[in-house]
Amino acid sequence: MIRPRITVGLPVFNGELFLARTIESILSQDFEQLELIIADNGSDDGTERICRAALSDTRVRYERSEVNRGATWNYNRLVDLASAPLFKWAAHDDLLAPSFIRACVEELDRAPHVVLAYPRTILIDHDGQIIDAEFEDGLDLRDEDPLTRFRRYLVHPGEQHPIFGVIRTEPLRQTGLIANCWGGDQVVLASLLLQAPIREVSDRLFLRRYHPGTSLAANASPAEVARWYDPTKRGRTALPRTRLTVELAGVALRADLPLTTRLRCVMAVATDWTPRYWRVMAGEVRRTVRAAVRERRSRRSNFDRQGALS
């Protein structure tokens, strides 16, 4: 086998509906120097059968966990398993045009200072029909100044599709990887773009599938999303938007940048990010306080009843 230049990491849990087509789109790339590692997070449908059938291609590895340990763990372990200098996460239900990887690798080869390259997106539905052929990701962050890149990212209102681009493996490992919280992909992207520019490839080579089983559609509430990231949370939301804000400020503070730049990035979280979400965060705090008060009253009431019966 040719030594791979890129590791494609595919995390999956109960993905039998779309998985075979996704694997085919990866193995049909016109860039052959790749390895595909599939991380099965305790699936109990036909996922294991599909993955083992893919092992007929020597570029494929299959790593199975017997229990579902959450999306964060499964995504991040793929980075530890990677052997190539470039890395790409692949969702089990998305599709790649045949030149996806080659176009991104060529962009990184042309620009050694760039940390991530991603192509433009086409949105497709459950049946693979095009929903939006003109979707704009808006994350071509090629500015040389890290503060400028960070501030542009903080005001970006849309999807985080560059997380599925081609990333240099070592810089990725220098981040904290995907944070174990709602919006964890935003944290790793912020950490990467503080290291170096991110570039968009002009061709539309990423087919992002939207269907009722996608992570956000199937996990509508913050509590459900939190359990998707980490099943041990047992429904505790831990102030999701507030936690994400703290994580972004922490990424800025820990960045390998001059102190003045780091402090200005932290200030940008306060001036560019927080004004857009302060009402959401205030609501999270109010609900948390009210829940704590109710729980305390309930415990006191139970204690009083037990005292009356004794």
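Summary of values
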quantity	calculated
Region 95-131: number of residues that are free of Cβ contacts under 8 Å to residues at least 40 places away in the same chain and of a type in the set (A, V, I, L, M)	1
Residues satisfying the stated conditions in region 77-105, i.e. open to solvent by 30 Å² or more (accessible area, probe 1.4 Å) and over 18 Å from Ser28 (Cβ atoms)	Arg77, Asp80, Leu81, Ser83, Pro85
Every residue from region 42-76 that is among the β-branched types (Val, Ile, Thr), over 19 Å from the mean Cα position of the chain (by Cα) and buried (at least 16 other Cβ atoms within 10 Å of the Cβ)	Thr47, Ile50, Val60
When residues of region 1-41 are limited to those that are of a type in the set (S, T, N, Q) and part of a helix (DSSP H, G or I), the one surrounded by the most Cβ atoms within 10 Å (Cβ to Cβ)	Thr22
Residue count, region 134-146 (criterion: more than 15 Å from Gly158 (Cβ to Cβ), open to solvent by less than 50 Å² (accessible area, probe 1.4 Å) and part of a loop (DSSP other than H, G, I, E, B))	1
Cross-chain or 6+ apart pairs with Cβ under 6 Å, region 262-277 first and of a type in the set (A, V, I, L, M), then open to solvent by 40 Å² or more (accessible area, probe 1.4 Å)	Val266/Leu253; Ala268/Arg151
Hits in region 253-282 - residues which are of a type in the set (A, V, I, L, M), open to solvent by less than 40 Å² (accessible area, probe 1.4 Å) and over 23 Å from the mean Cα position of the chain (by Cα)	Leu257, Ala282
Residue within region 151-174 that is open to solvent by 10 Å² or more (accessible area, probe 1.4 Å) and assigned to a strand (DSSP E or B) present	yes
In region 197-212, residue nearest to Arg151 (Cα to Cα) [restricted to those that are open to solvent by 50 Å² or more (accessible area, probe 1.4 Å) and modelled with pLDDT under 95]	Tyr210
Candidates Val79, Val60, Val67 - the one that is touching a residue at least 24 places away in the same chain (Cβ under 8 Å) and over 21 Å from Val105 (Cβ atoms)	Val67
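The values are calculated or read from the model by the stated rules, or taken from the named source; none is laboratory data. What you see is a predicted model, and the numbers here were worked out from it, not measured in a lab. Because the Cβ atoms are built from the backbone with ideal geometry, glycine has one as well, and the counts that use them run over all protein chains shown. Remember, those area values only see protein heavy atoms, side chains included, never the ligands or the DNA or RNA. Shrake-Rupley method; radii C 1.70, N 1.55, O 1.52, S 1.80 Å.
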